[in-house]
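Input: a single structure, listed below in structure tokens.
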Amino acid sequence: MENRKKDDYKFIKEVIKKKPVDKKAVLIKLGCTVGSAVLFGLVAAFVFVQFLPIIEEKNQKPAQIEFEDDDPQEIPGATPETTVSPAPDNSTGSQSDGSADKTEEFGVAQYKDVYVEMNDIAQDAMKSMVTVTGITSSEDWFNITTESTKQSSGLIVANNGQELFILTEYRAVDTVDRVMVTFFDNTIVDGRYQKHDTNTGLTVVKVDLEDMEEDTLKNMTVAALGNSYITRQGEPVIAIGSPMGYSNSVANGQVTSVTNKITSTDVEYNLLTTNILGSSLGSGALITLDGEVIGIISQQFASSDKGVITGLPISQLKSMIEILSNNGEIPYLGIQGQTVTAEIAKQTGMPRGVYVSVVNMDSPAIQAGIQNADILIRFNGEDIDNMNKYQEKLRKTQVGEEVTLTVMRKGAEGYVEFEFAVVIGNQ
């Protein structure tokens with residue numbers, strides 16, 4: 001017993017063989033897998049083809065907003081040349097019966113027709129006007145929520161295919177929780193603040209086209225921006241928007257002056273004054289009888305004792321509107337200046353150029369060493385003899401760029417020339 005080996009106790013000796021492979025089942029399974037992959041690929045390709053235009057549209061870079069610069073052919077306010085009609089030719093000796101010279105009488109009916117026609121022009125232009133409302137919510141000690149609102153008229157200045165760009169007053173959207181835009185047909189859409197200009201107090205608000213109703217989008221219009229450089233004293237104009245301080249109002253009148261100027265940091269603007277009575281909180285636009293916008297109502301620059309509508313010329317605002325719409329940077333030096341005209345230079349002995357009346361604190365100009373009473377004569381080596389040329393040169397620079405300003409500074413023995421390297425800042 002003791003000599004028995006371990007193997008003697010085994011009573012089952014059997015080898016289990018693996019089941020043979022079912023080639024048919026494998027082929028069927030492989031075929032199903034391949035078929036599913038092909039079907040999935042076809043479905044994925046179909047979905048991709050269907051959604052590709054939508055994806056491309058979403059990812060498409062918005063078009064830049066651009067306006068064509070108007071050419072200031074003449075100084076605003078200059079008297080246009082008078083055209084003299086040739087005298088009638090009476091060489092035949094025949095006498096007129098007077099019927100050709102007879103002027104149709106202008107009565108009350110014709111007077112009424114003129115105003116009806118002007119109102120029609122205004123109503124068409126009002127399709128490019130909106131009301132921008134800024135809403136601020138707050139809670140009192142009893143957790144009761146109240147809302148305060150601020151309003152201003154806005155002008156639709158551009159459409160890039162994805163968004164509308166609306167020019168309005170910054171005071172309406174400053175430090176608010178929500179911006180609402182009401183269109184001409186009373187439809188209301190959410191707007192978004194884009195950027196503002198501190199000199200003019202104007203801002204651009206954007207509205208997504210996909211948020212707008214189809215009928216509103218179809219019937220609203222983008223404002224036709226005219227050339228304010230050719231606007232003359234005495235021309236008829238129409239004020240639209242809220243010139244009286246309340247929405248959807250219209251007033252008619254004439255341009256009374258185009259030569260008054262206002263100066264702010266790095267800019268100088270002409271003012272379009274009218275004989276149209278308006279509110280100190282009035283806003284909107286000034287349009288011609290052709291329906292073109294020539295001015296943006298800006299009552300902050302109006303004479304406080306006159307109570308008339310005053311506007312900034314649209315031609316001088318176009319470059320600024322482009323920058324705001326494209327969310328660009330506004331070049332900044334920090335100089336307030338006045339043009340030294342030939343007459344002033346003759347009377348005072350000053351050099352021709354831009355007289356620096358104020359240099360803003362902590363501005364690039366004051367950091368470079370420019371002082372009050374300096375006279376700017378060259379910008380990057382090019383002569384500067386008025387504020388318009390200074391603005392034009394500054395507008396073409398980029399924030400962070402270094403420029404050379406040449407000034408004349410009065411000393412004990414007269415004016416001495418200095419050059420300063422200035423790095424352009426951002427407003």
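Observations
- Residue selected from region 204-230 under the condition of a type in the set (A, V, I, L, M) and part of a helix (DSSP H, G or I), by the criterion surrounded by the most Cβ atoms within 10 Å (Cβ to Cβ): Ile230
- Remark: pairs (first residue in region 320-343, farther than 14 Å from Gln64 by Cα; second residue of a type in the set (Phe, Trp, Tyr) and open to solvent by 40 Å² or more (accessible area, probe 1.4 Å); Cβ separation under 7 Å; 6+ apart in sequence or on different chains) = Gly337/Tyr355; Gln338/Tyr355; Val340/Tyr355.
- Every residue from region 407-422 that is small (Gly, Ala, Ser) and assigned to a strand (DSSP E or B): Gly411, Gly414, Ala421
- Residue check, Gln233 in a strand (DSSP E or B) and open to solvent by 10 Å² or more (accessible area, probe 1.4 Å): no
- Reported count of residues in region 196-240, each being within 17 Å of the chain's Cα centre (by Cα) and on the phi > 0 side of the Ramachandran plot, is 1.
- In region 257-286, the qualifying residues are those that are touching a Pro at 6+ places or on another chain (Cβ under 6 Å) and closer than 20 Å to Val204 by Cα, and the one that is surrounded by the fewest Cβ atoms within 10 Å (Cβ to Cβ) is Gly282.
- 3 or more residues more than 30 Å from Ala158 (Cβ to Cβ) and open to solvent by 50 Å² or more (accessible area, probe 1.4 Å): qualifying strands (runs of 3 or more DSSP E) within region 322-406: none
- Region 287-301, residues that are open to solvent by less than 30 Å² (accessible area, probe 1.4 Å), touching a residue at least 24 places away in the same chain (Cβ under 8 Å) and touching a strand residue (DSSP E or B) at 6+ places or on another chain (Cβ under 8 Å): Ile287, Thr288, Val293, Ile294, Gly295, Ile296, Ile297, Ser298
- Which listed residue, of Ile144, Ile121, Ile135, is loosely packed, with under 13 Cβ neighbours inside 10 Å, among the hydrophobic types (A, V, I, L, M, F, W, C) and over 18 Å from Pro62 (Cβ atoms): Ile144
- Among the residues of region 159-199, those identified as open to solvent by 30 Å² or more (accessible area, probe 1.4 Å), among the hydroxyl-bearing types (Ser, Thr, Tyr) and not in a strand (DSSP E or B) are Tyr170, Thr175, Thr198.
- The set of residues in region 126-158 being over 14 Å from Val181 (Cα atoms) and of a type in the set (Gly, Ala, Ser) consists of Ser137, Ser138, Ser148, Ala158.
- Tally of residues being open to solvent by less than 10 Å² (accessible area, probe 1.4 Å) and assigned to a strand (DSSP E or B) across region 305-321: 5
- None of Ile370, Ile366, Ile377 is at pLDDT 95 or above and in contact with a Ser or Thr (Cβ under 8 Å, 6 or more places away or on another chain) except Ile377.
- Criterion (closer than 22 Å to Asp215 by Cβ, in contact (Cβ under 8 Å) with a residue 40 or more places away in the chain and small (Gly, Ala, Ser)) met by exactly one of Ser152, Ser128: Ser128
- Any hit, region 135-151, residues being in contact with an Asp or Glu (Cβ under 6 Å, 6 or more places away or on another chain) and modelled with pLDDT under 80: yes
- Any hit, region 407-424, residues being closer than 30 Å to Ile166 by Cα and either open to solvent by 50 Å² or more (accessible area, probe 1.4 Å) or in contact (Cβ under 8 Å) with a residue 24 or more places away in the chain (or both): yes
- Selection from region 295-321 of residues that are under 16 Å from Val267 (Cα atoms) and not polar (S, T, N, Q): Phe301, Gly311, Leu312, Pro313, Ile314, Leu317, Lys318, Met320, Ile321
The values are calculated or read from the model by the stated rules, or taken from the named source; none is laboratory data. If you're wondering where the values come from, they're calculated on a predicted model, not measured in any experiment. Ideal geometry is used to build each Cβ from the backbone, glycine not excepted, and the neighbour counts take in all protein chains shown. Heads up: the accessible areas ignore ligands, DNA and RNA and are worked out on the full protein's heavy atoms, side chains in. Shrake-Rupley method; radii C 1.70, N 1.55, O 1.52, S 1.80 Å.
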